[in-house]
Amino acid sequence: MISTQPDAGGHFGPYGGRYVPEVLMSPLEELQNVYAEARLDPAFHAELDHLLKTYAGRPTPLYFAKRLSAQLGGAKIYIKREDLLHTGAHKINNCLGQALLARRMGKKRIIAETGAGQHGVATATVCALFGLDCTVYMGEEDMRRQRLNVFRMRLLGATVVPVTSGSRTLKDAISEAMRDWVTNVSHTHYLLGSALGAHPYPAMVRDFHRVIGQEAREQILEAEGRLPDVAIACVGGGSNAIGLFHPFIEDDGVRLIGVEAGGSGAELGLHAARFSGGSPGVLQGTRSYLLQDEDGQIALTHSVSAGLDYASVGPEHAWLHDLGRAEYRSCGDDQAIAAAVTLSRTEGIIPALESAHAVAEAIRIAPEHPGEIFIVNLSGRGDKDIDIYRENLKEMDQA
Amino acid sequence: MTRIAQLFERLRAENRTGMIAYLTAGDPNPESTAGFVASMERAGADLIELGVPFSDPIADGPVIQQAGDRAIKAGTNLARVLAIAAEIRQTSQIPLLLFTYLNPALRYGFERLAKDAKAAGIDGCLLTDVSVEEAGEYVKVMRDAGLDTVFLAAPTSTDARLKLVAEYSSGFIYLVSRTGITGEQDNISSSAMPLVDRMRAITKLPLAMGFGISTPAHVASLAGKVEAVVVGSAIVRQIHSDSSKLEGFLRDLCGPLAGPAA
């Protein structure tokens, strides 16, 4: 059986661990200890569950996409509606959990990185809710393509700091957030937004998102009387995917499919498909698959979706990949946009560009699997991406 | 005995605090680095940290980060830095410490790195993002090749961690003067001296203090309190702004360290 918990050092097989400058080792130990204590504290879970229910909007529906399924003529496709959560994406699950931990540690300042801006918005939201000071690092390139979310964060009272180094995207925002944390560690909590980084983040962030898979499991049993054949999610850092997958890992009959950003081509620099184009290495605190050159320098990545545009991937996904327990595929920019149009027109649901990658894979394979049941995680809604959809669907945007 | 150990014996005999000088190898191009090192040695540097550029240096501030970007753009990689070390060794016996991040070393391969670094005349290695918990294999391979492994100790480190840092370090221990990234600052943090005292209670290894040391006054405030001071960003900045004044700049920084022998 596959171990679903990391070892004491935060390793998932050969992946994970804790690779950070010494200054951050003690704060990470503190976070690990506080989280370990909170996990065993019923009051912590009661407060988190209450917030998830009354503030974030859980449980989210598991919706049978009848028209989409009929159009494809194969598998029955169910959609887990994380897009209906407060702030428009699954990210709020983790932010509420970590905000409670920050309060437990007495830390009054929160920093975060954001790619698409969904994690930044969710972080700014919980900081407003808890009365915490909030600074969000965001690549300049991502600020340009996700302007609406930048304004949302500011409206919520957060300071958004543009990151101008490197590729000016998620990776650089994480590095900048880590530099801030190194400097202000005594009073600052780094609210990392994906199942990435140094231990305990990958397992902790996953735990806060497991609710996705737990609910989906109960809901599909109720709707269909059996488990799904396939669970599909997009994988940037991989938090929504691991949240969906984790409660199904021990169910051998459930295929787990992660969808990476195929971007605009197979050449290094044009995509963010770490499993097909990368190799193991260490970046930003953890050992996992990386897009890198022959000197170990981290490669530039591309995706139309800012949230998938990252050179590494959560270490637990690397482990599930090597074990063969989960399959990882990629979907290009164009297919993702086409899938977003299809979902919008068959079901009246406009997905986030990230989630559209998962939808695209479901659309691609559903016809080959009649009689099967698919669950697709719709991790976020598409409002934030309207400008990008407009740019890519010019024929719809005529006066 | 490694050149690093010999250096600290000599410093002890001379009753002098040493100067460890960092530069990003390959900034602005690989051809100029050996010349800069020669200038730094003439100015009074006792040990050179050769920074191997990495694309995502989470422990470094903007000065070293940008130097790394320039160096990478100029074609610098780990193999090229080892070639620079060999070039330096043709004319100098100054101790050389490779200073970088784990991923370039992993990609190169520990065994191959240890062998090639030793052959190039490198004396030791510091990987800023390798914690002692993850260091087992790396330390073994480096030590087997006769290379020192230097680790960082920070003001935030618990005593239990400081013990591990001492256990895994050889040559010297690099004390981080403050919580933060590399870069210049006005005052040497008040957290610096308590860390020296805590470390002394644990180890007899020489202690070097770095992060934020950029003026002769900073250097003077640490002289006699640690075995060596480390200057990094200030040197990198000087090389970038006017490398012809590098020697004079570093000589001024070394001024407060001039011991009885000087």
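The values are calculated or read from the model by the stated rules, or taken from the named source; none is laboratory data. Just so it is clear, the model here is predicted, and its values are computed rather than measured. Every residue, glycine among them, receives a Cβ derived from its backbone with ideal geometry; neighbour counts consider all protein chains shown. Just the protein is used for accessible areas: all its heavy atoms, side chains included, with ligands, DNA and RNA removed. Shrake-Rupley method; radii C 1.70, N 1.55, O 1.52, S 1.80 Å.
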Dipole moment magnitude, nearest 20 debye, the protein assembly as shown about Cα centre, only Lys, Arg, Asp, Glu C-beta charged
880 debye
Taking R0 as 60 Å, what FRET efficiency do you get between A:Leu393 and A:Ala46 from their Cβ-Cβ distance, rounded to the nearest 0.05?
0.85
Of B:Tyr101, B:Phe249, B:Ala119, whose Cα points farthest to the positive end of the dipole of region B:3-253 (charges on the beta-carbon: +1 Lys, Arg; -1 Asp, Glu; origin at the Cα centre)?
B:Ala119
Looking at region B:132-172, residues buried by 50 Å² or more relative to their chain on its own, accessible surface at probe 1.4 Å, turn out to be B:Glu134, B:Thr156, B:Arg161
According to the Cβ-distance criterion of 4.7 Å, cysteines of chain A with no possible disulfide partner are A:Cys95, A:Cys234, A:Cys331
Using the per-residue mean of other Cβ atoms lying within 10 Å as a proxy for protection, in what order, highest first, do the peptides A:307-314, B:137-144 fall?
A:307-314, B:137-144
Close lysine pairs (chain B; alpha-carbon distance under 19 Å; 8 or more apart or on separate chains) counted at 5
Farthest toward the dipole's positive end in region B:3-253, which of B:Ile84, B:Ala145, B:Val231, given Cβ charges of +1 (Lys, Arg) and -1 (Asp, Glu) about the Cα centre?
B:Ala145
Evaluate the relative contact order of region B:3-253 (contact order divided by residue number), counting alpha-carbon pairs under 8 angstrom at least 6 apart; express in whole percent.
23 percent
Could you state the number of Å between the C-alpha centres of region A:11-90 and region B:73-148?
41 Å
For region B:71-92, state which residues have at least 40 Å² less accessible area in the presence of all protein chains than in their chain by itself, taking the probe as 1.4 Å and leaving out ligands, DNA and RNA.
B:Asn77
Report relative contact order for chain A in percent, whole number only (criteria: Cα-Cα under 8 Å, sequence separation at least 6).
20 percent
Just to be sure I understand: with springs between alpha-carbon atoms less than 10 Å apart, which residue in A:Ser305, A:Ser175, A:Ser165 has the highest mean-square fluctuation in the Gaussian network model of chain A?
A:Ser165
In region A:288-306, which residues become less accessible by 20 Å² or more once every protein chain is in place, relative to the chain on its own, using a 1.4 Å probe?
A:Gln292, A:Glu294, A:Asp295, A:Gly296, A:Gln297, A:Ile298
Among A:Gly13, A:Gly238, A:Gly380, which one moves the most in a GNM of chain A with springs linking Cα atoms closer than 10 Å?
A:Gly13
Taking every other residue with Cβ under 12 Å from the Cβ of A:Lys66 and scoring Lys and Arg +1, Asp and Glu -1, one gets +1
So which GluC sites (Glu not before Pro) in region B:154-262 pass both tests, a DSSP loop state and at most 14 other Cβ atoms within 10 Å of the Cβ?
none
What total accessible area, in Å², is buried where chains B and A meet, using a 1.4 Å probe and rounding to the nearest 100?
2800 Å²
How many percent of DSSP beta bridges within chain A run antiparallel, rounded to 5?
35 percent
Residues of type lysines that A:Lys394 reaches as a straight line, Cα spacing below 25 Å, ignoring anything fewer than 8 places off in the same chain:
A:Lys384
With a Förster distance of 45 angstrom and the Cβ-Cβ distance between A:Ala36 and B:Ala13, calculated FRET efficiency to the nearest 0.05 equals 0.35
Point-to-point label distance, B:Asp252-B:Lys163, nm (Cα→Cβ direction, 7 Å offset)
4.6 nm
As an exercise, use a Förster radius of 30 Å and the Cβ-Cβ distance of B:Ala201 and B:Glu111 to find the FRET efficiency, rounded to the nearest 0.05.
0.25
Subtract the Cα-Cα distance of A:Arg147 and A:Arg67 from 0.36 nm times their separation in residues, and report this length gain in nm to one decimal.
25.5 nm
Under unit Cβ charges (Lys, Arg +1; Asp, Glu -1), what dipole magnitude, rounded to 20 debye, does chain B have relative to its Cα centre?
360 debye
Once you list every other residue whose beta carbon is under 14 Å from the beta carbon of A:Leu393, what net charge do they have if Lys and Arg are +1 and Asp and Glu are -1?
-4
With θ set to phi - 60°, apply the Karplus curve 6.51 cos²θ - 1.76 cosθ + 1.60 along region A:363-380 and write out the HN-Hα couplings as whole Hz, x wherever there is a Gly or Pro.
4, 5, 9, 3, x, 7, 10, x, x, 8, 10, 10, 10, 10, 7, 8, 5, x
Exercise: per-residue mean of other protein chain Cβ atoms within 10 Å, B:50-57:
5
For the residue pair B:Ala38 and A:Glu222, what label-to-label distance in nm results when each label sits 7 Å from Cα along the Cα-to-beta-carbon direction?
7.8 nm
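Counting helices only, and only those DSSP H runs with n ≥ 4, report the 222 nm mean residue ellipticity of the protein assembly as shown as the sum of -39,500 (n - 2.57) divided by its residues, in deg cm²/dmol to the nearest 500.
Helix contribution divided over all residues of the protein assembly as shown: -13000 deg cm²/dmol.
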Size of electric dipole in region A:247-399: Cβ of Lys, Arg +1 and of Asp, Glu -1, about Cα centre, debye, nearest 20:
180 debye
With every protein chain present, what is the per residue accessible area of the protein assembly as shown (1.4 Å probe, Å²)?
35 Å²
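Less than 13 Å Cβ to Cβ from A:Gly243, Lys/Arg counted +1 and Asp/Glu -1: what total charge do the surrounding residues give? Intermediate values should be presented prior to the final figure.
Details: positive: A:Arg58, A:Lys80, A:Lys91, A:Arg206, A:Arg210, A:Arg217; negative: A:Glu82, A:Asp207, A:Glu215, A:Glu316.
Here the count lands on +2.
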Could you work out the relative contact order of region A:1-123, using alpha carbon pairs under 8 angstrom and six or more residues apart, expressed as a whole percent?
17 percent
Quick check: at a probe of 1.4 Å, how many percent of the accessible area of region A:82-216 sits on carbon and sulfur atoms?
53 percent
Taking 7 Å along the Cα-to-C-beta vector as the label spot, tell me the A:His187-A:Thr54 distance in nanometres, rounded to one decimal.
3.1 nm
Starting from the Cα of A:Lys66, draw a straight line to each of the lysines and keep only those under 20 Å, dropping any in the same chain fewer than 8 residues away.
A:Lys76, A:Lys80
